[in-house]
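Here the structure comes first, spelled out in structure tokens, and everything after it is commentary.
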Amino acid sequence: MQSINNPPSLCHHSSGHQSPTQIYHLQKLITTKHSLMEASFFSLLSKTPSQLFRNFQALILLISILLLLWPSSSSLSVAAAAAAVNLEAEALLTWKATLQNQHQFNYHPLSSWSAQTSPCAWFGIFCNNQGSIANITLVGTGLKATLEVFSFSSFPNLVSLNLQNNSLYGPIPSHIANLSKLSFLDLSLNGFYGSIPSEIGSLVRLSSLSFTSNNLNGSIPTSFANLTQLLSLGLDRNQLSGYIPQEIGKLASLTTLDFTLNKITGPIQAGIGNLTNLSILRLGWNNLYGPIPEELGLLRGLVKLDLSTNNLTGEIPAYLGNLTLLDNLFLSSNKLSGNIPSELGKLTSLSDFQLYTNRLTGPIPPSIGNLSRLNMLAFSGNQLSGSIPEEIGMMRSLIVINLNTNVLTGSIPASIANIPNISYIGFAGNRLSGIVPVEFSNLTFLQGFDVPANKLTGSLPPDICIGGVLKVFTAYNNSLTGPIPRSLKNCSTLTRLRLEKNQLTGNISQDLGVYPDLNYADLSDNKLQGELRSWNWGSLYNLSTLKLARNNISGEIPAEVGKAPHLNLLDLSSNRLTGLIPGELSQLRLYSLSLNGNLLYGHLPPRLGNLSYLEYLNLAANNLNSSIPNELGNCTKLLSLNLSTNQLTGFVPPEIGDLKALMSLDLSHNFLTADIPREIGGLLFLETLNLSHNSFVGSIPPGLANVLSLRDVNVSYNQLEGPIPDMESFRRAPFEALRNNRDLCGNNSVLNPCPLENPTAKAGKQSDASIIVFPILGGGILLISLATVAAFFVYRRIKARKASTGNEYLQVFAIWTDEAALTYESIIQATESFDSRHQIGSGSSGSVYKAALQSTTKQNQVVAVKKLHDQSGEGVERLKANWRAFRSEIRALTNIKHRNIVKLYGFFSNAQHSLLVYEFMERGSLRSVLDDAEKAKELDWEDRVKIVKGIASALSYMHHDCRPPIVHRDISSNNVLLDLDFEAKLSDFGTARLLRPDDRVSTTSFAAGTYGYMAPERAYSKKVDEKWDVYGFGVVALEVIIGKHPGDLISSLTTTTKTTSPSSLLKDIIDDRITQPGEDGEVAKGVFAIAKFALACVRAEPSSRPTMQEVTMDMVTFAIPPLTQPFSQVSLEELFALVD
């Protein structure tokens, strides 16, 4: 709360009286005269009688002098006043001597405090007409001391004491009650702690009392009932507990009462209804429970009412409608239920009305239209039903209307178009139907329009961007028809456009314009026509995603598309595009290219091999009629390649084996001939293989038996013969996947068994098999079941290779996208055969080395090489587990693309080593930085906030943007790496799982995760869940702000009793090796947000944890109530109130 800034006016001088300075100098004069008189008197007493007689005339003269100098009654009064001033001065100088930080000021504000000058001339000191100190005002002067030695009894005439915004600390002394004339007391924005002394209740002349933003605890004293002249009481932003005392109702003169941000519990006392002079009542951010008392309806003078972020239940009282002077009404983030009372429509002075995140049901009352002064209407996150009242259009001052995430039905009122300055309309995630009113074309200040996931029909308003300021326009997943709004052609401010999954028509050649700020555009699943050649592709400078799939777009793909510099996802599938695939696409940094389902013809451009970042390539269902270019093998990051249903001819190039990350390969329905290349057996991460409806001959490469990840296979309608690979995917393949071949045989119920082989043939097969490379992580294998691989023969082959001195069996699985040559030899040379001098880290699965790769064409490039431990002599299950980890890490890192996930440059595996090559992160792991005192000091709060946001963003991407979702399962500070700019990148995906809907139960036989970061449910459940990662994120987030692993603090913070240390301020648990994060800026808000989200993420119950998408969205916008107190005053209990 705000303190009264105008304490009683006091003057230094007044006519008719001696000034305080004159009194001070008169005191010195009288003291001098008294000393002279005293000296003369004692000199006479030392004379003999004869001497006195002889000096009779001198005696008579002395008596005359004594009579002359003897003070009158007026002089005595002045002397008394002077003595009192002297006492006050001494008290202040004594207290000044206790200040701890005077040396920190070049010019200390209290430098004028000196015994040589009058205190009435000192900084911050004001005297009354009698020269006594009546006002002490030392605001924001950086004072650091306690008030223990402050002699309050030395100031009998003090009326005002204002010490706000300093660094004062310690308890508030009970002897402050000696200031019997005090009417104004402000100790806010300091560090006082302990309980409020009940003796303050004796300061009966107080009209303003503020202890805002301290560390005070205990209960509110009942003795406050004596302060009947009190107008303003501010106890907000402390740690006060207990109930609101009933006696508070006796302070009938109160106009401001602020208890915000404490841990006050219990119900709202009915006695507050007696405070009929109140204009401001703030009780938000506490632990209050129970209903809103009906007595609040008596406070007819209320202007601001804040009861937000408590645990209030029951319905919103209709009698709040009597508070017709209300300007702010905040009831958000409670557990209020029932309907919104129509009586609230009487609150015609409201400018900000927030009811979000409650349990409200029923309709929005039409009477809300009476709130003609309202700027902000926030009712999101409830269960409101019924239609949006037409009367909402009467709220002509409205700027933001947010009704997202309710169950509203009916149509969008056209009357909203009558609101001239509205900037944001949010109706997302409801059940609205009907049309978007054409009258919305009049909204000239509209910047955001969100109506997705409803049941809207009809056309969009043609001039929705008439004001030229629209930035976000989302209306996807409705049933909209008609053309693209014409005003979008000139809406150059657009940053996000999502109109997919509707039935929109129009011509994209004519209806879309130049959008220099556009980042994301999705118009898929509509009925759009036109051609792409008319677009100014070079102007789409910020465009990263363009989706136009499943429309009726025709013409050729223009070569100019290669001029969109940041385009990385292009989906033009299922249209009527013709012509050749332009080679200029190779100029882009695409990671996904979908041109399937068109009428494209001609050859596959060899230049597609330049798309070194490409992960998804789908050219299926076209009329392509060339061979498959060898250069396609350069797209080493490809995860999915679909060239099916074309007219491709010739043989499959052996370079297909270079696509080591490939998980899905579909070449079906073409005219491919010759043998299936044996190199396909090196695609160890392949899960889906479809070679059907071609003319392949010969046998299926036996090396496919090594592809343990293969799940679905189809080789039907070819000319294949001989045995199928003895592996699960072929054994359980249905008849349709193997039919119509020449003579396949093998272990499948739909095939004939293969005939027994003679010894010569068998030997020949063994000889052929000896060149099949099965990468494994170590030496001997004692026993592996036939269901895994033919272990005994594999073991013999591996041992034979180990004895070889050549590199003929070396397997290089590179996903290298740089010009530098990445070879096994270059890594061996750079690490000096993995000498310990190059080792920079180690873990349970392997060691990490720093390798500076030599290059003759460019500067040497530094990479990090993870070498899995040699598992010679380990058990079979451990060998299998390590191989799964190796595959999992490669699969995960080649399946995702995010700035906060470490880049995988390449991977290698042979009989000697299994290696993973990453980008080098200069600062190492987050754990190593936090554990080093000097390094931790470099990690300021801005960087720490950035790190946590980066981790959250990466996990949100993995959980919600990847299909299928990816669960890391080992989130820890050791697995978060930092670059030179302290940008965080998630690493170590050896335990990651692709989370398919039908595959959520783990059968892993070894524990995944790091102790201290594992969610508690992992002790009793094998269900793989994203909430595992959420918990680990919460632990790491706490570690970042605390500076070390939170340890037992998590259990103490999350138990039902919330047992914490004696000091429960957030500032007391954060890392003290760096300076505090300010009081109320963006950094302080960021640290506060991290603490809030971290506590929510480490809840014991998985279902009560937020999703990483929710965390990321809130952290990006810091969507929490603003800091209503300095950061140093934030208590953990306040955070609990937000989390609970």
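The values are calculated or read from the model by the stated rules, or taken from the named source; none is laboratory data. All values derive from a computational prediction rather than experimental measurement. Backbone-built Cβ (ideal geometry, glycine too); neighbour counts: all protein chains shown.
For every residue, the table says whether it meets (1) assigned to a helix (DSSP H, G or I); (2) without any contact (Cβ under 8 Å) to a residue 40 or more places away in the chain.
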{"position": "L604", "(1), (2)": "no, no"}
{"position": "R607", "(1), (2)": "yes, yes"}
{"position": "Y613", "(1), (2)": "no, no"}
{"position": "L617", "(1), (2)": "no, yes"}
{"position": "A620", "(1), (2)": "no, no"}
{"position": "S626", "(1), (2)": "no, yes"}
{"position": "H669", "(1), (2)": "no, yes"}
{"position": "T673", "(1), (2)": "no, yes"}
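Can you confirm whether the range 598-610 contains a residue that is over 21 Å from N694 (Cα atoms) and aromatic (F, W, Y)? No; the residues of the range 598-610 include none that is over 21 Å from N694 (Cα atoms) and aromatic (F, W, Y).
Yes or no, residue by residue, for (1) assigned to a loop (DSSP other than H, G, I, E, B); (2) of a type in the set (D, E, K, R); (3) farther than 30 Å from V303 by Cβ:
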{"site": "R373", "(1), (2), (3)": "yes, yes, no"}
{"site": "L377", "(1), (2), (3)": "no, no, no"}
{"site": "G393", "(1), (2), (3)": "no, no, no"}
{"site": "N421", "(1), (2), (3)": "yes, no, no"}
{"site": "R431", "(1), (2), (3)": "yes, yes, yes"}
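Within the range 552-569, identify whether any single residue is of a type in the set (V, I, T) and in a helix (DSSP H, G or I), and answer yes or no. If you could, list the steps in order and put the result at the bottom.
Keep residues of the range 552-569 that are of a type in the set (V, I, T), which gives 553, 557, 561.
Those left that are additionally in a helix (DSSP H, G or I): 561.
Within the range 552-569 (the criterion being of a type in the set (V, I, T) and in a helix (DSSP H, G or I)), the answer is yes, since at least one residue qualifies.
Against the conditions (1) touching a strand residue (DSSP E or B) at 6+ places or on another chain (Cβ under 6 Å); (2) surrounded by 19 or more Cβ atoms within 10 Å (Cβ to Cβ), Q719 satisfies every one except (2). Only one of the numbered conditions (1) part of a loop (DSSP other than H, G, I, E, B); (2) within 16 Å of I680 (Cα to Cα); (3) β-branched (V, I, T) is not met by T645, and that is (2). Exactly one residue among L512, L488, L548, L504 is at pLDDT below 95, crowded, with 18+ Cβ neighbours inside 10 Å and farther than 24 Å from I401 by Cα, and that residue is L512.
Selection of helices (runs of 4 or more DSSP H) fully inside the range 1021-1136 by the criterion of at least 2 residues being modelled with pLDDT under 80 and not basic (K, R) returns 1049-1054, 1108-1117. Among the residues of the range 650-660, is any touching a residue at least 40 places away in the same chain (Cβ under 8 Å), touching a strand residue (DSSP E or B) at 6+ places or on another chain (Cβ under 7 Å) and surrounded by 23 or more Cβ atoms within 10 Å (Cβ to Cβ)? Yes - at least one qualifying residue is present in the range 650-660. Of all the residues in the range 688-716, those that are within 21 Å of F735 (Cβ to Cβ) and either assigned to a loop (DSSP other than H, G, I, E, B) or acidic (D, E) (or both) number 11. Filtering the range 433-453 to residues that are more than 28 Å from the chain's Cα centre (by Cα) and not in a loop (DSSP other than H, G, I, E, B) leaves S433, G434, V438, E439, F440, S441, N442. When F184, F126, F152 are screened for being touching a His at 6+ places or on another chain (Cβ under 6 Å) and either among the hydrophobic types (A, V, I, L, M, F, W, C) or crowded, with 21+ Cβ neighbours inside 10 Å (or both), only F152 passes.
Report yes if N311 is under 19 Å from P267 (Cβ atoms) and in contact (Cβ under 8 Å) with a residue 60 or more places away in the chain, otherwise no.
On the way: under 19 Å from P267 (Cβ atoms): yes; in contact (Cβ under 8 Å) with a residue 60 or more places away in the chain: yes.
Yes, satisfied.
Note on the range 132-192: enclosed strands (runs of 3 or more DSSP E) holding 3 or more residues that are modelled with pLDDT of 95 or more and of a type in the set (A, V, I, L, M) are 133-137. Scanning the range 263-288 for residues that are part of a loop (DSSP other than H, G, I, E, B), touching a strand residue (DSSP E or B) at 6+ places or on another chain (Cβ under 8 Å), of a type outside the set (A, V, I, L, M) and more than 22 Å from T228 (Cβ to Cβ) yields a count of 4.
List the number of the failed condition for P156; all other conditions in (1) within 43 Å of the chain's Cα centre (by Cα); (2) over 21 Å from S232 (Cα atoms) hold. Among (1) within 43 Å of the chain's Cα centre (by Cα); (2) over 21 Å from S232 (Cα atoms), the lone unmet condition for P156 is (1). The single condition from (1) farther than 23 Å from E584 by Cβ; (2) in contact with a helix residue (DSSP H, G or I) (Cβ under 9 Å, 6 or more places away or on another chain); (3) of a type in the set (D, E, K, R) that K637 fails is (1).
From the list L523, L588, which one is over 16 Å from I464 (Cβ atoms), at pLDDT 90 or above and either buried (at least 18 other Cβ atoms within 10 Å of the Cβ) or out of contact with any Cys (no Cβ under 9 Å at 6 or more places or on another chain) (or both)?
Of the residues listed, the single one that is over 16 Å from I464 (Cβ atoms), at pLDDT 90 or above and either buried (at least 18 other Cβ atoms within 10 Å of the Cβ) or out of contact with any Cys (no Cβ under 9 Å at 6 or more places or on another chain) (or both) is L588.
The residue of the range 842-861 that is surrounded by the fewest Cβ atoms within 10 Å (Cβ to Cβ), among those that are outside any loop (DSSP other than H, G, I, E, B) and modelled with pLDDT under 85, is S842.
Taken together, the criteria exclude S524 from residues that are in a helix (DSSP H, G or I), touching a residue at least 40 places away in the same chain (Cβ under 8 Å) and of a type outside the set (F, W, Y).
Listed here are the residues, each with its yes/no results for (1) assigned by TED's automatic domain parsing to the domain that holds L1135; (2) surrounded by fewer than 22 Cβ atoms within 10 Å (Cβ to Cβ); (3) out of contact with any His (no Cβ under 7 Å at 6 or more places or on another chain); (4) more than 18 Å from L182 (Cα to Cα).
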{"position": "S202", "(1), (2), (3), (4)": "no, yes, yes, no"}
{"position": "P221", "(1), (2), (3), (4)": "no, yes, yes, yes"}
{"position": "R237", "(1), (2), (3), (4)": "no, no, yes, yes"}
{"position": "G242", "(1), (2), (3), (4)": "no, yes, yes, yes"}
{"position": "K250", "(1), (2), (3), (4)": "no, yes, yes, yes"}
{"position": "S253", "(1), (2), (3), (4)": "no, yes, yes, no"}
{"position": "D258", "(1), (2), (3), (4)": "no, no, yes, yes"}
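Listed residues S664, S729; which is in contact with a strand residue (DSSP E or B) (Cβ under 8 Å, 6 or more places away or on another chain), surrounded by fewer than 23 Cβ atoms within 10 Å (Cβ to Cβ) and over 17 Å from Y616 (Cβ atoms)? Spell out the reasoning first.
Values: S664 fails: over 17 Å from Y616 (Cβ atoms).
From the options S664, S729, the qualifying one is S729.
Out of the strands (runs of 3 or more DSSP E) lying entirely within the range 454-516, which hold 2 or more residues that are of a type in the set (G, A, S)?
Working: elements: 455-458, 472-474, 479-483, 496-498, 503-507.
Passing ranges, in order: 479-483.
Give L179, L138, L158, L163 a once-over and let me know the one that is out of contact with any helix residue (DSSP H, G or I) (no Cβ under 6 Å at 6 or more places or on another chain), surrounded by 22 or more Cβ atoms within 10 Å (Cβ to Cβ) and farther than 20 Å from L216 by Cα. Unique residue meeting the criteria: L158.
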